[in-house]
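Asks: Mind looking over this structure? Questions follow.
The values are calculated or read from the model by the stated rules, or taken from the named source; none is laboratory data. Quick caveat, the model's predicted, so the values are computed rather than measured. So basically every Cβ, Gly included, is an ideal-geometry build from the backbone, and we count neighbours across all protein chains shown. All accessible areas refer to the heavy atoms of the entire protein, side chains included, with ligands and DNA or RNA removed. Shrake-Rupley method; radii C 1.70, N 1.55, O 1.52, S 1.80 Å.
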Amino acid sequence: MSDRERLTIGITGLEVRDVTDSQFVGKIGGYAVVFNEPSENLGGFIEYVNPDAFNNVDMSDVVALYDHNFANVLGRTSANTLQLEVDKKGLHFSLDIPNTTLGNDVYTNIRAGNLQGMSFGFTVDSDAWSKETDGTPKRTIQSVGALYEVSVVTMPAYQETTVAITRALKNDAYKQKMLAILKLYE
């Protein structure tokens, strides 16, 4: 039995997040897609994403994965564990990392600096081809047809993508417990 006291009042639509909730390890965020930045050589061409590429793309059920593997689910927009937002830099994401073996492994590797980039799985509605100044073929994605997933990856095709820890729930809960214990001895 818990020694917590809870006061309940009639507020509708209220969402509560308990920092001691063990459902999530923490939160990560960054850019899964960056606009107007070159990819690595993708087998004979360099790719760019146009800033308007995500106009009218349905992002209501996009999953967050580890290394593009659909068996390695970390979150989902329809579950409100993944949030996606297009801004002037690219496709920004925020992800609540689940307290699972995979979630803990991914979170630990991000914190250690072993995982530093992102990727995305999509279809293309329209693209344009030209050449880089050195003659390398250049593909610009003008319009994305569908966005299926964003992935924390080991080897990102776009080096300018980012992933970082934005909030550590386990550490916050631990700190709160320690502060409560220390107050007992004051």
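Asks: Counting only heavy atoms of protein chains, what accessible area per residue, in Å², does region 49-167 have with a probe of 1.4 Å?
Replies: 51
Asks: Measure off 7 Å from each Cα along the Cα-to-Cβ vector at Arg167 and Phe70, then give the distance between these two points in nanometres to one decimal.
Replies: Taking the two extended label points, one gets 3.1 nm.
Asks: Here's something else I'd like to know. By how many nm would the segment from Asn104 to Asn56 lengthen if fully extended, with 0.36 nm per residue of separation less the alpha-carbon distance?
Replies: Using 0.36 nm per residue and subtracting the Cα-Cα distance, I get 13.9 nm.
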